[in-house]
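Peer 1: Before we start, here is the structure in question, set down as structure tokens.
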Amino acid sequence: MLNINRYKLSNGLRVVHSPDINTKMVALNMLYDVGARDEDPDHTGFAHLFEHLMFGGSLHIPEFDTPLQLAGGENNAWTTNDITNYYITLPKQNIETGFWLESDRMLGLDFNAKSLEVQRGVVMEEFKQRSLNQPYGDVGHLIRAMVYEIHPYRWPTIGLSLDHIAQATLEEVESFFYRFYAPNNAILSVTGNITFKEVVALCEKWFGEIPLREVPERKLPKEPIQTEERRQEVVRYVPVDALFINYPMCEFNHSDYKVYDLISDVLSNGTSSRLKQHLTHDKKIFSSIDAYVSGSRDAGMFQIVGQLADGVSLEEGESEVQKELEVLQNELIPQEELEKVKNKFESSQVFRLIDYLNLANDLAWYELNGNAEEIEQIVPAYRSVTAEQTKSIAQKLFDKNKRSILYYKKK
């Protein structure tokens, strides 16, 4: 059982802590409740740009990485449509360096034209590499535009257009920071070899005087229910034809989320899963195929992605996938198969939380979505799912009138 402690500073910063005396390291994970969904449709890519700007120097620290490396630490970050997440790992004896670094860039960045140009160039190059110059790189743009008509999930984290980042001004960047990068819009999770008393003292010392800020109320448009199938076909210079099938599904916090997730595991988690066993190994329809859930804070996507084997048409591939989905709609998953999938999930979850950094990441995420203690209820919740539930959700999920299908053809 995890020992989870929490504390809240007067400026609104939420702190979650769980000790681990089996390591000599400490992890600081700072989650900001801002992602690509919070961007203006004409100024996309800003959340991801900030992920990079946060390493370009803050008010009192001209360079982020050097003092961290001198203290024996490592760091990284990522951006999604929902959050921007930063983490630092350091030896226990040097952990105050992490609090100092993280607090100074929350207080304010060194906004200057040079830093913006450097990071803008990095982000634009990443856009080109990931979305323009890589096979299937524009899939995220194509699919999101099909699945979402009005919700800001309709653009990927990297942004809708290179122009949005190219035209970003210093004033716009600074405004974005002070709207969202605030102690009252963040969660700091701390794990590893550090006591709760030490965490509270360091948080008060380094974060306590940062003023809270006026974070705008989030008013996102609700995506209307899809009532008819959407299809698109593109032709590109890619190695093989690929099939992308997407269905709308619930948000991460929904009570049915675990059922959707288990259905995706039944379909594609491991070589003995249904799609991989039947359509790659037995029938050789696909060279590779997977099913995913997006796990987003607002209504998400259930995605099936497959690359066709040589000589197999996209129509045949789609037909074979549909047969597998209809089996899930019409028949109960055998208890042994469902139990195997649950065992895999439990195993991966247990091993994930052994690592102090993974635990820090997850504590912040679950605290954002309710409370950190829910992390210990995940396995029992998945264990409770029945075959009847999976059949019922499959019947609702795999509705042909709600699917979006992309044929990605080889030129």
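The values are calculated or read from the model by the stated rules, or taken from the named source; none is laboratory data. These numbers come from a predicted model, not from an experiment. Methodologically, a virtual Cβ is constructed for each residue, glycine included, from the backbone with ideal geometry; neighbour enumeration extends over all protein chains shown.
Peer 1: Considering only segment 133-168, how many residues are more than 26 Å from Arg403 (Cα to Cα) and either not polar (S, T, N, Q) or not in a loop (DSSP other than H, G, I, E, B) (or both)?
Peer 2: Summing the residues that are more than 26 Å from Arg403 (Cα to Cα) and either not polar (S, T, N, Q) or not in a loop (DSSP other than H, G, I, E, B) (or both) in segment 133-168 gives 6.
Peer 1: Residues of segment 327-357 being of a type in the set (A, V, I, L, M, F, W, C) and in a helix (DSSP H, G or I), which ones?
Peer 2: Val327, Leu328, Leu338, Val341, Phe345, Val350, Phe351, Leu353, Ile354, Leu357
Peer 1: Also, I was wondering about something else. How many of the residues making up segment 232-275 are in a helix (DSSP H, G or I), in contact with an Asp or Glu (Cβ under 8 Å, 6 or more places away or on another chain) and farther than 20 Å from Gly370 by Cα?
Peer 2: Of the residues in that region, 5 qualify.
Peer 1: Could you check segment 180-207 and list, in sequence order, the residues that are over 13 Å from Leu28 (Cα atoms), in a loop (DSSP other than H, G, I, E, B) and aliphatic (A, V, I, L, M)?
Peer 2: Ala182
Peer 1: Those residues that are touching a residue at least 60 places away in the same chain (Cβ under 8 Å) and not in a strand (DSSP E or B), I need them from segment 289-308; list them, please.
Peer 2: Ser296, Arg297, Asp298, Ala299
Peer 1: I need a count of the residues in segment 137-147 that are surrounded by fewer than 19 Cβ atoms within 10 Å (Cβ to Cβ) and either of a type outside the set (A, V, I, L, M, F, W, C) or within 15 Å of Val235 (Cα to Cα) (or both).
Peer 2: Number satisfying all stated conditions: 5.
Peer 1: Of the conditions (1) free of Cβ contacts under 8 Å to residues at least 24 places away in the same chain; (2) in contact with a Gly (Cβ under 9 Å, 6 or more places away or on another chain), Asn371 satisfies every one except a single condition; which number is it?
Peer 2: Checking Asn371 against (1) free of Cβ contacts under 8 Å to residues at least 24 places away in the same chain; (2) in contact with a Gly (Cβ under 9 Å, 6 or more places away or on another chain), the one that fails is (2).
Peer 1: Test Phe177 against the criterion of being under 23 Å from the mean Cα position of the chain (by Cα) and under 28 Å from Ala381 (Cβ atoms), and give yes or no.
Peer 2: no
Peer 1: Among the numbered criteria (1) within 26 Å of Glu214 (Cβ to Cβ); (2) not in a helix (DSSP H, G or I), which single criterion is violated by Asn22?
Peer 2: The number of the failed condition is (1).
Peer 1: Further question: Leu109 - would you say it is in the same structural domain as Leu202 (by TED's automatic domain parsing), closer than 17 Å to Val173 by Cβ and under 26 Å from the mean Cα position of the chain (by Cα)?
Peer 2: The answer is yes for Leu109.
Peer 1: Residue check: is Leu59 modelled with pLDDT under 95, under 30 Å from Met124 (Cα atoms) and not assigned by TED's automatic domain parsing to the domain that holds Val350?
Peer 2: Answer is yes for this residue.
Peer 1: For segment 70-92, state whether one or more residues are modelled with pLDDT under 95 and part of a loop (DSSP other than H, G, I, E, B).
Peer 2: No, segment 70-92 contains no residue that is modelled with pLDDT under 95 and part of a loop (DSSP other than H, G, I, E, B).
Peer 1: Among the residues in segment 66-81, are any farther than 19 Å from Leu116 by Cβ, surrounded by 20 or more Cβ atoms within 10 Å (Cβ to Cβ) and within 17 Å of the chain's Cα centre (by Cα)?
Peer 2: Looking through segment 66-81, at least one residue is farther than 19 Å from Leu116 by Cβ, surrounded by 20 or more Cβ atoms within 10 Å (Cβ to Cβ) and within 17 Å of the chain's Cα centre (by Cα).
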